[in-house]
Amino acid sequence: MGGLNTALSMGLQSLDATQAALDATSNNIANANTAGYTREVTQLSENAEGLTGGAIIGGGVTLNGIESVRDELLNLQIQQQTSQQSSADTESSSLQSVQTLFSSTGSDIASTLAAFSSSLAQLSANATNTSAQQGVLTAGQNLAQSFNATANGLTSAQSAADQQVTQTVGQINSLTQQIAQLNAQLSPSVVSQQNGGTIEDQRDQLVQQLSQLTNVSVTQSSDGEVITTGNGTPLVMGGQSYNLQTTTGSSGFQQVLDSNGNNITSTIQGGQLGGAIQVRDQVIPGFLSSLNTLATQFASSFNTAQEAGYDSTGAAGQAFFSVPSGSAGAAAGLSVALTSGSQIAVSSDGSSGSNGNIANLSAALTTTLPSGQTPANAYANIVYQVGSAVSTANAQSTALGQSILQLTNQQSSVSGVSIDEETTNLIRYQTAYEAAARIVSTVQALNTVTLDMGATQSY
Amino acid sequence: MRVNPNMVPDILADLQQSQSTLNTTLQEVSTGKSVTEPSDNPSASAQMVQNGIETANVDQYTQNITDVMTTVQTAASALSSVASSLTQAVSLGTEGANGTNSSANLATLAQQVQSILASVVSDANTSVEGTYLFGGTVSTTLPYTADSTSPTGYTYNGNSDVNSVAVGDDLNVPVNVPGSQIFSDSSNNVLGALSSLVSALQSGNSSQISTATTAVSSAVNLVSQQQGFYSNAEGRLNAQETVLQQDTVTLTSQQNNLIGVDEATAATELSQAETDNSAALAAAAKVLPNSLLNYLTTPT
């Protein structure tokens, strides 16, 4: 048969449990806007009931702990999509600066090519006019300069992506070190649910940041989380982190090495790092190579036409454009070789008034180059590729953004703090606490009554 | 199922979306262009490269036609002056050949023909802005200069080449006839015929005068043939100008189709975007501050 003390101890347990629930609620409210915080709920269970003299008496409540509510699968999906979106964003912002080079600004290749073409048409009607000759020369110089500026713009975007690689590797190393530290704190304290929850929140937040930088794969092992890059290079194993390194490669760009010194650059995908490497090693070199081919073939085709005629002094035409040998750097090094408008090979027969070769010069702008395209089409093709690369990256980022938003909503519906819910709980626990306190005071009153029995004075 | 308690990310995404649409439509309305950078429409941007080159060329071809037209018209009027001079010489020759003229009359006629010769030579040396029209492609040297050793008294310094001017893609219109084909071809020689007429009139030999007059008549035919060339060229240039005007219209409309915006659509989209943006902002302002706390009374 339970005495008054049984009720008293149950009242005490109830006070403890309610106190813990109030703690959890106030912590939830306090961290309602903390990034990465997952809401905590109090885990209560009823104690085994006792059988006393044929009567079943409840055993009160036990506080099992406070648990953070999270969904690991959702976290994983968000991490993966974040790293894909971050890769697309990096590509998009790198290429954004590239595509302005190909926008119609008046100094882009399309505009200067058009001006060059019309300057030749003008020369056709005024073959002996020195200002028309100078016009062609200037238009040719402008065209060469826009090739230079475009190639240089592409190269500097490439260098910017290269710097981003170095910076991102530094950030990855800093994050993996922090994660390893948290892992080390987490593994012994994993028994204490409440403590583990907070550290786990921090760690999840860091892994989330890490997945923005590169695609990572997260698995659980006996001594904490194991994090590897998408292709399996270890970054964190339990309490140990493995730093990535960078070194200057043969191309002059930074190569990413794993902790053992193996070059893993080409296997890195996703995240800022993957995006930057993709832009630097694949996308921009593709544009540059097309541009260099165009510069080389166009210069050669135009020079051939120029050399077929005679200039205003009656001398055989010399090369109009000078282009560095070897196709790399052709666009960046393209320049006009002629120094005077009178050197333009307008004449087909050597007489100064002839304009017979201008048709050949103009034709060089519209005839098919060895690449199978006219200069304008070859350039238009590059414009298309650039525009398409940016718009694909943008579309990818938008689509992934939608998907991440939905996943985040789902995650929030599991782990997010609802002020309304917490307020309701607050009222609930307040009432429960008041009731538990009433038990204690009631038992105290009853004890007083009991002690007063047969006593001359009241206790 | 627990409902997502945090509406901020959704609301922010909506606000950003409507703001971005607003920016885009505003830009479209203010610039009149739907494509300002290649990523807006890669395919249209690529086609605009060709369009830009063609537009610049068509403008220049039109300018070329204006320039060349001056040359062609000047040459045509020079030739018509030559033709009337020659007709005049024929009538003078005919008058000289009728056998009733005194030697003084013949000398006067000879002088008149001599001055006609001088005016024809001057016509043959016509230039526009320093470019001689009848020297073939040797356009900077006087085509006909006096030369006592030549049977006609004049030497041709030009060549027999023709310049063609670009007035369209793959369309180069020949714009000159070398002097050698007008004033001195293999069977006819305008200057030669005139010189012979002068000598014949000076000699007073009727049959010689008559032969020389016939030669001048056939020279008239030669000149009128070449006048045909110039009027033909003028016709081609005028026709091409019409074609170019049509091309300009086509290119402009292509440009509008590729990168332009339809003003009405753009304005409608802008006002739609404004409404959307205001609605999103109003909804956010209404929903965000809502919580149970607003309705709870302070515990006493």
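Suppose we keep only residues that are at the interface with another protein chain (Cβ under 7 Å from one of its Cβ atoms) and of a type in the set (A, V, I, L, M) within segment A:380-400. Which one would you say is farthest from the chain's Cα centre (by Cα)?
This residue is A:ALA380.
Could you tell me whether segment B:198-205 includes any residue that is within 14 Å of another protein chain (Cβ to nearest Cβ) and outside any helix (DSSP H, G or I)?
No.
Being hydroxyl-bearing (Ser, Thr, Tyr) and under 32 Å from the mean Cα position of the chain (by Cα) narrows it down to one residue among A:SER119, A:SER26, A:SER97; which is it?
Every option except A:SER97 fails the conditions.
If A:LEU361 passes every condition in (1) over 30 Å from A:GLN81 (Cβ atoms); (2) more than 14 Å from chain B (Cβ to nearest Cβ); (3) surrounded by 23 or more Cβ atoms within 10 Å (Cβ to Cβ); (4) aliphatic (A, V, I, L, M) but one, which one does it miss?
A:LEU361 satisfies all of (1) over 30 Å from A:GLN81 (Cβ atoms); (2) more than 14 Å from chain B (Cβ to nearest Cβ); (3) surrounded by 23 or more Cβ atoms within 10 Å (Cβ to Cβ); (4) aliphatic (A, V, I, L, M) except (2).
Return the pair list, or none, for Cβ contacts closer than 8 Å from residues in segment A:22-42 that are more than 13 Å from A:THR424 (Cα to Cα) to residues that are aromatic (Phe, Trp, Tyr), at least 6 apart or on different chains.
As it stands, the answer is A:ASN31/A:TYR37, since those pairs meet every condition given.
Against the conditions (1) out of contact with any helix residue (DSSP H, G or I) (no Cβ under 9 Å at 6 or more places or on another chain); (2) in a helix (DSSP H, G or I); (3) over 21 Å from A:THR155 (Cα atoms); (4) of a type outside the set (Ser, Thr, Tyr), where does A:GLY314 fall short? Just the number, please.
(2)
Residue under question is A:SER290, and the condition is that it be assigned to a helix (DSSP H, G or I), surrounded by fewer than 23 Cβ atoms within 10 Å (Cβ to Cβ) and either under 33 Å from the mean Cα position of the chain (by Cα) or in contact (Cβ under 8 Å) with a residue 12 or more places away in the chain (or both); does it hold?
Yes, satisfied.
Within segment B:235-254, does at least one residue satisfy the condition of being at pLDDT below 90, within 14 Å of chain A (Cβ to nearest Cβ) and assigned to a helix (DSSP H, G or I)?
No, every residue in segment B:235-254 fails to be at pLDDT below 90, within 14 Å of chain A (Cβ to nearest Cβ) and assigned to a helix (DSSP H, G or I).
For the subset of segment A:406-459 comprising residues that are part of a loop (DSSP other than H, G, I, E, B) and touching a helix residue (DSSP H, G or I) at 6+ places or on another chain (Cβ under 6 Å), which member is modelled with the highest pLDDT?
The residue in question is A:VAL417.
Which condition number does A:LEU95 fail, the rest of (1) away from chain B (no Cβ under 14 Å); (2) farther than 30 Å from B:SER127 by Cβ; (3) of a type outside the set (Ser, Thr, Tyr) being met?
(1)
Among the residues of segment B:23-38, is there at least one that is closer than 28 Å to A:SER118 by Cα, free of Cβ contacts under 8 Å to residues at least 12 places away in the same chain, buried (at least 17 other Cβ atoms within 10 Å of the Cβ) and among the charged types (D, E, K, R)?
Scanning segment B:23-38 turns up at least one residue that is closer than 28 Å to A:SER118 by Cα, free of Cβ contacts under 8 Å to residues at least 12 places away in the same chain, buried (at least 17 other Cβ atoms within 10 Å of the Cβ) and among the charged types (D, E, K, R).
Just give me the residues in segment B:136-168 being in contact (Cβ under 8 Å) with a residue 24 or more places away in the chain and facing another protein chain (nearest Cβ under 7 Å), in sequence order.
B:THR137, B:SER139, B:ASN159, B:ASP161, B:ASN163, B:VAL165, B:ALA166
Looking at segment B:109-125 only, could you name the residues that are crowded, with 20+ Cβ neighbours inside 10 Å and in contact with a strand residue (DSSP E or B) (Cβ under 7 Å, 6 or more places away or on another chain)?
B:VAL121, B:ALA124
Count, please, the residues in segment A:361-376 that happen to be assigned to a loop (DSSP other than H, G, I, E, B) and either free of Cβ contacts under 8 Å to residues at least 12 places away in the same chain or not small (Gly, Ala, Ser) (or both).
Number of matching residues: 7.
Here are some residues: B:ALA104, B:ALA46. Which one is aliphatic (A, V, I, L, M), without any contact (Cβ under 8 Å) to a residue 12 or more places away in the chain and within 7 Å of chain A (Cβ to nearest Cβ)?
Criteria check complete, one pass: B:ALA46.
If a residue has to be surrounded by fewer than 21 Cβ atoms within 10 Å (Cβ to Cβ), in contact with a Ser or Thr (Cβ under 6 Å, 6 or more places away or on another chain) and not β-branched (Val, Ile, Thr) to count, how many in segment B:139-158 make the cut?
Residues in segment B:139-158 being surrounded by fewer than 21 Cβ atoms within 10 Å (Cβ to Cβ), in contact with a Ser or Thr (Cβ under 6 Å, 6 or more places away or on another chain) and not β-branched (Val, Ile, Thr): 3 in total.
Can you name every residue in segment A:232-260 that is under 24 Å from A:GLN178 (Cβ atoms) and in a loop (DSSP other than H, G, I, E, B)?
Hits for segment A:232-260 are A:GLY232, A:THR233, A:GLY238, A:GLY239, A:TYR242, A:ASN243, A:LEU244, A:ASP258, A:SER259, A:ASN260.
Here is a check on your reading of the model: is A:SER403 facing chain B (nearest Cβ under 8 Å), modelled with pLDDT of 90 or more and in a helix (DSSP H, G or I)?
No: the conditions fail for A:SER403.
If we scan segment A:370-379, do we find a residue that is surrounded by fewer than 21 Cβ atoms within 10 Å (Cβ to Cβ), among the aromatic types (Phe, Trp, Tyr) and either within 11 Å of chain B (Cβ to nearest Cβ) or touching a Ser or Thr at 6+ places or on another chain (Cβ under 9 Å) (or both)?
No, there is no match, as no residue in segment A:370-379 is surrounded by fewer than 21 Cβ atoms within 10 Å (Cβ to Cβ), among the aromatic types (Phe, Trp, Tyr) and either within 11 Å of chain B (Cβ to nearest Cβ) or touching a Ser or Thr at 6+ places or on another chain (Cβ under 9 Å) (or both).
Output the residues belonging to segment B:197-229 that are under 42 Å from the mean Cα position of the chain (by Cα), closer than 21 Å to B:THR100 by Cα and free of Cβ contacts under 8 Å to residues at least 24 places away in the same chain.
Correct list: B:THR214 only.
Looking for something among the aromatic types (Phe, Trp, Tyr), within 10 Å of another protein chain (Cβ to nearest Cβ), buried (at least 23 other Cβ atoms within 10 Å of the Cβ) and not in a loop (DSSP other than H, G, I, E, B) - is there at least one such residue anywhere in segment A:109-130?
For segment A:109-130, residues among the aromatic types (Phe, Trp, Tyr), within 10 Å of another protein chain (Cβ to nearest Cβ), buried (at least 23 other Cβ atoms within 10 Å of the Cβ) and not in a loop (DSSP other than H, G, I, E, B): present.
Go through (1) more than 11 Å from A:ILE172 (Cβ to Cβ); (2) surrounded by 18 or more Cβ atoms within 10 Å (Cβ to Cβ) and name the single condition A:SER241 misses.
(1)
So if I check each of A:GLY106, A:GLY135, A:GLY153, which one is within 14 Å of chain B (Cβ to nearest Cβ) and at positive phi?
A:GLY106
How many residues does segment B:240-284 contain that are closer than 30 Å to B:PRO174 by Cβ and exposed (fewer than 13 other Cβ atoms within 10 Å of the Cβ)?
Within segment B:240-284, residues that are closer than 30 Å to B:PRO174 by Cβ and exposed (fewer than 13 other Cβ atoms within 10 Å of the Cβ) number 4.
Which of the residues spanning segment A:406-417 are in contact (Cβ under 8 Å) with a residue 40 or more places away in the chain and within 8 Å of chain B (Cβ to nearest Cβ)?
Passing the criteria: A:THR408, A:GLN410, A:VAL414, A:GLY416, A:VAL417.
Scan segment B:1-35 residue by residue and report those that are in a loop (DSSP other than H, G, I, E, B) and either among the small types (Gly, Ala, Ser) or facing chain A (nearest Cβ under 7 Å) (or both).
Once the filter is applied, which keeps residues that are in a loop (DSSP other than H, G, I, E, B) and either among the small types (Gly, Ala, Ser) or facing chain A (nearest Cβ under 7 Å) (or both), segment B:1-35 yields B:ARG2, B:VAL3, B:ASN4, B:PRO5, B:ASN6, B:GLY32, B:SER34.
Mind listing whichever residues of segment B:77-108 are assigned to a helix (DSSP H, G or I) and more than 45 Å from the chain's Cα centre (by Cα)?
Passing the criteria: B:GLU95, B:GLY96, B:ALA97, B:SER103, B:ALA104, B:ASN105, B:LEU106, B:ALA107, B:THR108.
The values are calculated or read from the model by the stated rules, or taken from the named source; none is laboratory data. Source: prediction; values computed, not measured. For neighbour counting, all protein chains shown are included, and Cβ atoms are generated from backbone atoms with ideal geometry for every residue, glycine included.
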